[in-house]
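The structure appears right after this line, and notes come after that.
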Amino acid sequence: MTSDLDLATVVAVGGYLCLVGLIAYYGYTRTVDEADFLVAGREVGPIVGAGTLLASQISASTAIGAVGIHYLFGLGFIWVWVGILVGWLVALAFVAPQLRQFGGMTVPDFVGTRYADDGADGDYARAISTVLIVAVFTLFLTAQYTAGSLVFQRLLGVTETVGIGLTAAIAIAYTAFGGMRASVVTDALQAVVLVGGLALVVPVALAEVGGIGTLVTRLEAIDPTLVGQAFPLPRITGFVVASAVGIAAAPVEISRFYAMRDEDTVRTAIRISLVAQGVIALSVATLGLSARVLFPELGTPDIAAFVLTQQLLGPVLGTLFVLAVLSAILSTIDSVMLVSSAGLAHDVYARLIRPEASERRKLWVNRVAVLLVGALPVVLAFYRELFGGLITLITLLNLSLQGSMLFVPVLLGMHWRRATTAGGIGAMVTGFFTVVAWHVGTELTGIVPRALAASIGDPVVPGILVSFVVLVGLSLATAPPSDRSTEPFFSEAE
């Protein structure tokens, strides 16, 4: 780099961080109580709502990781987007409007109300779901910090350690002060910037490789599986199921549903977001495949997006695109931090430890909780090989965990009156630990035979099956749920 380019890069990064700081200040000045901090006063409309759903979904796993996976495996990874589409359609029809009508602030709010027959007015169920959600999102933040570090390494030439520290510090600071109001504003802006950036780079990439037809021909010359199917059917099924159930009951998206004005707003926001996600899916696949043709010898797939954009767009536009990627990463991080910190501050402290706490105290406890949940993944980021190594593989493990522990209890809890507290809690716990055990047995120790692991494809498959069997089995084996746990979700006619 020349000194001029170094200065331009520093100015661009500094300007971006100043903008983030201003948005955080805006959120801080508009936040007076816990409802403002966690659900933006339930004032989010359909356009901003669509932007925040898009931004919370399009994370490092998309902006960096999915480009890298397409680079490595080719077109076959497009099946993940089918799963994401299915997940959003399930959420649109069976999850999002119902949860917004319920009107809580967090997933544990739903769990504690629907599964309240635990002998403690739902407190046990609430606490268990909180612990599991915080555990899962600690893993997810590991992938986001890794991606943020890659961005800072490319932009500023810092070490991995410094990059991870910068990512964590920036995200913690503006999330702790700005809360959900700052989060939804940055999400909407990030969605526009990222879609605009992709619209800029995709035509350039296609022109560079010679068009779609030439792209396919050149990929076939490298490896025919790049335009065919690089994954066996069980693995594809696993991708689809993990993506679908992970999205349909994702705590991050659910927190956004709670922040919107009403059920109609939620439906409209999801539909708009789906259109944009379709465009992004095709764009990301195109970039990954183009990078494989133009730069076939990259050391790690996770740098494919950076190399491609900076080589094709030049240093200035390339830097701006990388900043858009950083914005995507930070938007996802703040969303995850809000969910995890809400578990500690709202669901544990305010509901279980100090229900009489003032709004001011609860607000500051939420801010301290952001600091706590943001710190642990900094350490785990240096041991990410335990969770899959590549950003997208870590994210898929996260989707498998959250889908296996929440999809069945949330979906059946809202649509099957006979679901009991024992069934709901049992489904969450067994779904979570089935995925953990499967991952350890297949990826870390090799205890599970390779043939069996290959035939199953993804830990979400046994996770969902076990969760479903446990919920239905325990629900039928125990007394019907009380009116208190069902009245908020079912009418008398049901």
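The values are calculated or read from the model by the stated rules, or taken from the named source; none is laboratory data. Treat the numbers as computed from the prediction; the structure is a model and nothing was measured. Here the Cβ is made from the backbone with ideal geometry for all residues, glycine too, and neighbour counts use every protein chain on show. Keep in mind that these areas ignore ligands, DNA and RNA; they rest on the heavy atoms of the full protein, side chains included. Shrake-Rupley method; radii C 1.70, N 1.55, O 1.52, S 1.80 Å.
Those helices (runs of 4 or more DSSP H) of segment 187-300 in which at least 3 residues are more than 25 Å from VAL90 (Cβ to Cβ) and either open to solvent by less than 30 Å² (accessible area, probe 1.4 Å) or modelled with pLDDT under 90 (or both), considering only elements entirely within it, cover 263-294.
In segment 401-418, the residues that are open to solvent by 40 Å² or more (accessible area, probe 1.4 Å) form Cβ pairs under 8 Å with partners that are of a type in the set (D, E, K, R), at six or more places apart or across chains, as follows: ARG417/GLU494. Of all residues in segment 405-443, exactly one satisfies the criterion of being assigned to a helix (DSSP H, G or I), hydroxyl-bearing (Ser, Thr, Tyr) and under 20 Å from THR113 (Cα atoms), namely THR421. Listed by first and then second residue, the pairs with beta-carbon distance under 8 Å, at least 6 apart or on different chains, first residue in segment 374-386 and at pLDDT 85 or above, second small (Gly, Ala, Ser), are GLY374/ALA168; GLY374/ALA171; ALA375/ALA168; PRO377/ALA168; VAL378/GLY165; VAL378/ALA168.
Step by step: first the residues of segment 348-359, then only those that are out of contact with any Lys or Arg (no Cβ under 8 Å at 6 or more places or on another chain) and free of Cβ contacts under 8 Å to residues at least 40 places away in the same chain, then the one that is least open to solvent (accessible area, probe 1.4 Å). Which residue is that? Only one residue tops the list, namely ALA357. So is TYR71 over 23 Å from the mean Cα position of the chain (by Cα), at pLDDT 90 or above and either open to solvent by less than 10 Å² (accessible area, probe 1.4 Å) or of a type in the set (Ser, Thr, Tyr) (or both) or not? Spelling it out, it is not the case that TYR71 is over 23 Å from the mean Cα position of the chain (by Cα), at pLDDT 90 or above and either open to solvent by less than 10 Å² (accessible area, probe 1.4 Å) or of a type in the set (Ser, Thr, Tyr) (or both).
Candidates in segment 41-59 are the residues that are surrounded by 24 or more Cβ atoms within 10 Å (Cβ to Cβ) and in contact with a Phe, Trp or Tyr (Cβ under 9 Å, 6 or more places away or on another chain); of these, the one that is nearest to LEU308 (Cα to Cα) is SER59. Could you check segment 89-117 and list, in sequence order, the residues that are surrounded by 24 or more Cβ atoms within 10 Å (Cβ to Cβ), among the aromatic types (Phe, Trp, Tyr) and assigned to a helix (DSSP H, G or I)? Across segment 89-117, the qualifying residue is only PHE110.
Taking segment 449-480 as the range and being modelled with pLDDT of 85 or more, open to solvent by less than 20 Å² (accessible area, probe 1.4 Å) and of a type in the set (Gly, Ala, Ser) as the test, the residues that pass are GLY463, SER467, SER475.
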